[in-house]
Amino acid sequence: MPRPGLRGQLDRFIGPGATTAEMILQFVPAVAAAIAAPAYAVTLPIEWTPLQLGLISVLGFDFIGGVLTNATAAAKRWYHRPSQGWQQHLGFVALHVLHIGLVALLFRGGDGSFFVGVSGYLLGASMLILSCPLYLQRPIALGLYVMALLGERYYFTTTPGLEWFLPLLFLKLLISHLLHETPYRPGENR
């Protein structure tokens with residue numbers, strides 16, 4: 001159960017009972033990504049606005065932190081507890097359509113086909129994973145992730161400064177978040 005107060009808010013985000021090691025694994029790389037992503041972007045010959053650089057930082061933090069957080073045992077226990085069904089998982093994924101929309105609008109000049117194509121694939125792939133028997137979810141999720149990478153590589157052009165956006169978006173959601181895995185506790189050996 002989440003603790004009361006601000007610590008409880010953190011618990012609802014990363015999962016109650018996260019160990020110190022899990023918290024370090026989640027937050028140190030996420031903070032590094034929040035710094036490195038805009039630092040990389042400014043090396044490109046592009047005139048960035050402060051809003052764009054701020055969003056690049058937030059997305060870097062969210063995606064690196066999200067990939068790692070959703071892969072921890074604490075998050076697996078929290079996000080896959082009995083009260084969390086396909087509706088909650090799909091709702092979590094659907095929130096990320098906003099990310100896609102912001103990238104399409106602010107970095108791709110309002111690219112509607114990017115927004116519709118990426119959002120549609122993300123939601124469709126997520127529904128497919130969630131509708132499959134548990135024992136098939138991992139290979140199907142990995143196959144759909146590979147298809148997303150190929151689509152990003154051969155169908156859409158990458159977004160300059162955000163070449164990592166689609167690979168990390170799909171890794172965070174299709175692999176780290178949606179897959180129900182055994183959430184081992186410290187000291188457990190299989």
### Query
Could you list, in sequence order, the residues of region 84-106 that are without any contact (Cβ under 8 Å) to a residue 24 or more places away in the chain and not in a helix (DSSP H, G or I)?
GLN84, GLY85
### Query
Of LEU51, LEU44, which residue is open to solvent by 50 Å² or more (accessible area, probe 1.4 Å) and modelled with pLDDT of 95 or more?
LEU51
### Unique residue being open to solvent by 50 Å² or more (accessible area, probe 1.4 Å), among the basic types (Lys, Arg) and either modelled with pLDDT of 95 or more or over 20 Å from PHE63 (Cβ atoms) (or both) when the list is ARG108, ARG190, ARG153
ARG190
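Being among the small types (Gly, Ala, Ser) and outside any loop (DSSP other than H, G, I, E, B), is that true of even one residue in region 38-47? Lay out the reasoning, then the answer.
Pass one, region 38-47, residues among the small types (Gly, Ala, Ser): 39, 41.
From the residues that got through so far, the ones that are outside any loop (DSSP other than H, G, I, E, B) too are 39, 41.
Within region 38-47 (the criterion being among the small types (Gly, Ala, Ser) and outside any loop (DSSP other than H, G, I, E, B)), the answer is yes, since at least one residue qualifies.
If you go through region 11-31 one residue at a time, do you hit one that is among the hydroxyl-bearing types (Ser, Thr, Tyr) and over 18 Å from LEU169 (Cα atoms)? Walk me through it before giving the result.
In the first step, residues of region 11-31 are kept if they are among the hydroxyl-bearing types (Ser, Thr, Tyr); the result is 19-20.
Still in the list and also over 18 Å from LEU169 (Cα atoms): 19-20.
Yes.
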### Flag for GLN26 being closer than 30 Å to LEU128 by Cβ, outside any loop (DSSP other than H, G, I, E, B) and open to solvent by 70 Å² or more (accessible area, probe 1.4 Å)
no
### Query
So which of HIS80, HIS89 ends up being modelled with pLDDT of 90 or more and within 30 Å of GLY110 (Cα to Cα)?
HIS89
### Message
Would you confirm, using the coordinates I've provided, whether VAL97 is under 23 Å from GLY161 (Cβ atoms) and within 14 Å of the chain's Cα centre (by Cα)?
### Response
yes
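Of the residues that sit in region 111-122 and are assigned to a helix (DSSP H, G or I) and surrounded by 16 or more Cβ atoms within 10 Å (Cβ to Cβ), which one is nearest to the chain's Cα centre (by Cα)? Walk me through it before giving the result.
Start the filter on region 111-122 by keeping residues that are assigned to a helix (DSSP H, G or I), which leaves 112-122.
Cutting the leftovers down to surrounded by 16 or more Cβ atoms within 10 Å (Cβ to Cβ) gives us 114-115, 117-119, 121-122.
Working: PHE114: 18, PHE115: 17, GLY117: 18, VAL118: 14, SER119: 13, TYR121: 15, LEU122: 11 Å.
The selected residue is LEU122.
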### Query
List the pairs whose first member sits in region 107-135 and is at positive phi, whose second member is in a helix (DSSP H, G or I) and open to solvent by less than 70 Å² (accessible area, probe 1.4 Å), and whose Cβ atoms are under 8 Å apart, counting only residues at least 6 apart or on separate chains?
GLY110/ALA104
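Name the single residue that is nearest to VAL116 (Cα to Cα) among those in region 84-105 being touching a His at 6+ places or on another chain (Cβ under 8 Å) and surrounded by 20 or more Cβ atoms within 10 Å (Cβ to Cβ).
Of everything passing the filter in region 84-105, VAL93 is nearest to VAL116 (Cα to Cα).
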### Summary
The correct count of residues that are over 13 Å from GLY161 (Cα atoms), touching a helix residue (DSSP H, G or I) at 6+ places or on another chain (Cβ under 6 Å) and open to solvent by less than 60 Å² (accessible area, probe 1.4 Å) in region 54-70 is 7
### Task
Output yes when any residue across region 26-48 is over 15 Å from TRP164 (Cα atoms), in contact with a helix residue (DSSP H, G or I) (Cβ under 6 Å, 6 or more places away or on another chain) and aliphatic (A, V, I, L, M), and no when none is.
no
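The values are calculated or read from the model by the stated rules, or taken from the named source; none is laboratory data. Being a predicted model, the structure only gives us computed values, none of them experimental. Positions of Cβ are backbone-derived with ideal geometry, glycine not excepted, and every protein chain shown enters the neighbour counts. Please note that ligands, DNA and RNA were not included when accessible areas were found on the heavy atoms of the full protein model with its side chains. Shrake-Rupley method; radii C 1.70, N 1.55, O 1.52, S 1.80 Å.
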